[in-house]
Amino acid sequence: VIGLQEFWLEQEHMEAWSNFAASEGYCMLVSPRTGGKPDGCCMLVRRRRLAGLPSMETYSFDDWGNRILQCVTLQLAGCSDRLMLAHTHLTFPHANGHDPQMRRHQARKLATWVREQRSSTPHLALFGDLNGDVHDPAVSQLLQSAELAPMSGETDWVSHLSHLGTP
């Protein structure tokens, strides 16, 4: 599974990724952001790992950041249970008066959604660009409120660089 955030929706970009997905054996699922934003989340899943076609829903955080949650349910080959993958991209914590507050609201909404899904979906993985580590207030709130465990508590690794070239 590959999760892409800030996935640009212009035709040339979509065609290039669609061709890559088809040639490399991936199923490509795209969820645009709300508010007419030109990007969204894209998930690539290896077709050979699937017992059937995945289903997808996109949920809006209903905030001024136009953030979304891409929810993909998979039936993996050789497994009787379904796997739900929740993919998102939280707002970057710019040093201003509204982004930290918006991130806490996004974390609260996401935690509520995870708790609601738990009753019907025992196998759920949340991933994406949370723009923070386990010590970040919004990420910490999400982990605690949703009763999630991070892949790693280590914070000395870099998963990606910002648009400014910094970790």
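Each residue in segment 94-123 was checked for being part of a loop (DSSP other than H, G, I, E, B), open to solvent by 50 Å² or more (accessible area, probe 1.4 Å) and either farther than 12 Å from ASP63 by Cα or touching an Asp or Glu at 6+ places or on another chain (Cβ under 6 Å) (or both), and 8 pass. When residues in segment 70-93 are screened for being open to solvent by 20 Å² or more (accessible area, probe 1.4 Å), within 15 Å of the chain's Cα centre (by Cα) and hydroxyl-bearing (Ser, Thr, Tyr), 1 of them pass. Within segment 90-111, the residues that satisfy the criterion of being in contact with a helix residue (DSSP H, G or I) (Cβ under 8 Å, 6 or more places away or on another chain) and closer than 15 Å to ILE68 by Cα are LEU90, THR91, PHE92, ARG103, ARG104, GLN106, ALA107, ARG108, LEU110, ALA111. Restricting to segment 35-47, give me the number of residues that are open to solvent by less than 60 Å² (accessible area, probe 1.4 Å) and more than 22 Å from LEU76 (Cβ to Cβ). Summing the residues that are open to solvent by less than 60 Å² (accessible area, probe 1.4 Å) and more than 22 Å from LEU76 (Cβ to Cβ) in segment 35-47 gives 2.
The residues of segment 48-69 that are more than 21 Å from SER119 (Cβ to Cβ), open to solvent by less than 20 Å² (accessible area, probe 1.4 Å) and assigned to a strand (DSSP E or B) amount to a single one, ILE68.
Looking only at segment 12-34, residues that are open to solvent by 70 Å² or more (accessible area, probe 1.4 Å) and over 30 Å from CYS79 (Cα atoms) come to 2 in all.
The values are calculated or read from the model by the stated rules, or taken from the named source; none is laboratory data. These figures come from a predicted structure and were not determined experimentally. Cβ sites come from the backbone with ideal geometry, for glycine too, and all protein chains shown count toward neighbours. Only protein heavy atoms, including side chains, enter the accessible area calculation; ligands, DNA and RNA are left aside. Shrake-Rupley method; radii C 1.70, N 1.55, O 1.52, S 1.80 Å.
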